[in-house]
Amino acid sequence: MSGRAIVITSGKGGVGKTTATANLGLGLARHDRKVVLVDGDIGLRNLDIIMGLENRIVYHLVDVVRGRCQVRQALVKDKRFPHLALMPASQVDQKEAISPEQMRELVAQLKEEFDFVLIDCPAGIEQGFRNAVAGADEAIVITTPDVSPVRDADRVIGLLQNSMGDPQLIINRMAIEMVQRGDMLDQQDVLDILAVHLLGIVPEDDEVIVAGNRGAPVVLNDKSRSGQAYGRIVRRILGEDVPIPELNGRGGFLHRLGKLFSRR
Amino acid sequence: MAWGTFVQRLFGNIGNKGSAVLAKDRLQVVVMYDRLGLSAQQLEALRKDIMETISRHVAIDSERVKIDFLPTPAAVTITAPVRRLRTRGEAQKQQAS
């Protein structure tokens, strides 16, 4: 068996990479796929606490690469979902503790056993990024509709296109009211700038914080807007044709008409 | 929903240009520069070269020459306001010298 290795990246920090990785992983596991989440943020691990697995870590990624333990020993099984496992990052090492080549080997090994290997990339475009990207076949870029994350996303998209082709995009924390007021970029604005395929939009939602507090990612909460959005994204990753609901809503009908005529 | 809000929804804030428009315009420029990877010096060199080339044929207002980078489809545009068109004789004289 050879699974799909997908890196979740953004350039900018704090836009929701780790949250997205956790939610996509859990969502895929709920569809009975075997999933492993790899925390690529060596020195600043966080996927464990978002997943509620922080007390179960024995070994970590750097231990595996250094041959201090077997892959199986480092994997933390999620008791809620037998299909889901976490490969934690080391909290004491530096990004330079592993090389892209070692990461490639590790991911290749994981792909033999899992349907999906989701790699949570650290912020930045330095060694940590190069490591996280090394073993991946595909990439998902996360941005929020703010100027600096969109700019950084464009840089990262450029770097990814050199190594593995076009990534897909998730726009996170879209605040519909602000878009309607004209004070936030809408999905079309972001796509006009970044020119990549849109995988989904996650609305701004307090439930994400609550989910983080509980260590139970929001995709498990079927009533939450963001959880539902992640659920739809998961189905798109699995190849289902799930339409993206119109969240931009800046245009009343007449506004759209006006926009049409005011095009240069 | 208040009547005002309803009208606003229907018309989608015509006339009230929010900050999103500004954000998009600024991003398009900055992203284009990022993609080109041009430094300020390289840009100035480009401007000088273009000005010299155009000046050989047309008298332009060099103070007001403007270079823009447009996104999709990517393009470099140069706006060089013409002071006055040279007569054919003047242009030939210049070329001869």
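The values are calculated or read from the model by the stated rules, or taken from the named source; none is laboratory data. All values derive from a computational prediction rather than experimental measurement. FYI the Cβ positions are ideal-geometry reconstructions off the backbone, even for glycines, and counts take in every protein chain you see.
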Is it the case that some residue within region A:13-29 is surrounded by fewer than 24 Cβ atoms within 10 Å (Cβ to Cβ) and either of a type in the set (Lys, Arg) or more than 15 Å from the chain's Cα centre (by Cα) (or both)? no
Just one listed residue, out of A:Ser163, A:Ser148, is touching a residue at least 12 places away in the same chain (Cβ under 8 Å) and either within 13 Å of chain B (Cβ to nearest Cβ) or basic (Lys, Arg) (or both), and it is A:Ser148
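Given the structure, is A:Leu199 buried (at least 18 other Cβ atoms within 10 Å of the Cβ) and either away from chain B (no Cβ under 14 Å) or more than 21 Å from A:Val117 (Cβ to Cβ) (or both)? Spell out how you get there, then give the answer.
On the way: buried (at least 18 other Cβ atoms within 10 Å of the Cβ): yes; either away from chain B (no Cβ under 14 Å) or more than 21 Å from A:Val117 (Cβ to Cβ) (or both): yes.
Taking the combined requirement at face value, the residue satisfies it.
Per-residue answers, yes or no, for (1) in contact (Cβ under 8 Å) with a residue 40 or more places away in the chain; (2) of a type in the set (D, E, K, R):
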site	(1), (2)
A:Asp32	yes, yes
A:Asp39	yes, yes
A:Val76	no, no
A:Leu86	yes, no
May I ask you to list pairs of residues, at least six apart or on different chains, whose Cβ atoms are under 8 Å apart, with the first in region A:175-192 being within 8 Å of chain B (Cβ to nearest Cβ) and the second being β-branched (Val, Ile, Thr)? A:Gly182/B:Val21; A:Leu185/A:Val150; A:Leu185/A:Val179; A:Asp186/A:Val179; A:Asp192/B:Thr72
For region A:74-122, which residues satisfy the criterion of being among the charged types (D, E, K, R) and in contact with a strand residue (DSSP E or B) (Cβ under 6 Å, 6 or more places away or on another chain)? A:Lys77, A:Asp78, A:Lys111, A:Asp120
Neighbours by Cβ (under 8 Å, 6+ apart or cross-chain): first from region B:25-47, free of Cβ contacts under 8 Å to residues at least 40 places away in the same chain; second part of a helix (DSSP H, G or I) and acidic (Asp, Glu): B:Asp34/A:Asp154; B:Arg35/A:Asp154
In the set A:Asp205, A:Asp192, which member is charged (D, E, K, R), modelled with pLDDT under 95 and surrounded by fewer than 24 Cβ atoms within 10 Å (Cβ to Cβ)? A:Asp192
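Does B:Gln92 fit the bill of being assigned to a helix (DSSP H, G or I), surrounded by 13 or more Cβ atoms within 10 Å (Cβ to Cβ) and at pLDDT below 75? Please lay out each step first, then the result.
Numbers: assigned to a helix (DSSP H, G or I): yes; surrounded by 13 or more Cβ atoms within 10 Å (Cβ to Cβ): no; at pLDDT below 75: yes.
Spelling it out, it is not the case that B:Gln92 is assigned to a helix (DSSP H, G or I), surrounded by 13 or more Cβ atoms within 10 Å (Cβ to Cβ) and at pLDDT below 75.
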Name the one entry in B:Ile50, B:Ile60 that is modelled with pLDDT of 85 or more, touching a helix residue (DSSP H, G or I) at 6+ places or on another chain (Cβ under 6 Å) and more than 10 Å from chain A (Cβ to nearest Cβ). B:Ile60
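If you scan region A:32-56, which residues turn out to be assigned to a loop (DSSP other than H, G, I, E, B) and surrounded by 17 or more Cβ atoms within 10 Å (Cβ to Cβ)?
Taking region A:32-56 first, the residues assigned to a loop (DSSP other than H, G, I, E, B) are A:32-34, A:40-46, A:52-53.
Across region A:32-56, the qualifying residues are A:Arg33, A:Lys34, A:Gly40, A:Asp41, A:Ile42, A:Arg45, A:Asn46, A:Gly52, A:Leu53.
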Go through (1) small (Gly, Ala, Ser); (2) assigned to a helix (DSSP H, G or I); (3) in contact with a Gly (Cβ under 7 Å, 6 or more places away or on another chain) one by one and return the number of the condition A:Ala216 breaks. (2)
Residues of region A:219-246 being within 21 Å of A:Gln188 (Cβ to Cβ), assigned to a helix (DSSP H, G or I) and aliphatic (A, V, I, L, M), in sequence order, are A:Ala229, A:Ile233
Return the residue satisfying two criteria in turn: it lies in region B:43-59 and is assigned to a helix (DSSP H, G or I) and among the basic types (Lys, Arg), and of such residues it is farthest from B:Ile78 (Cα to Cα). B:Lys48
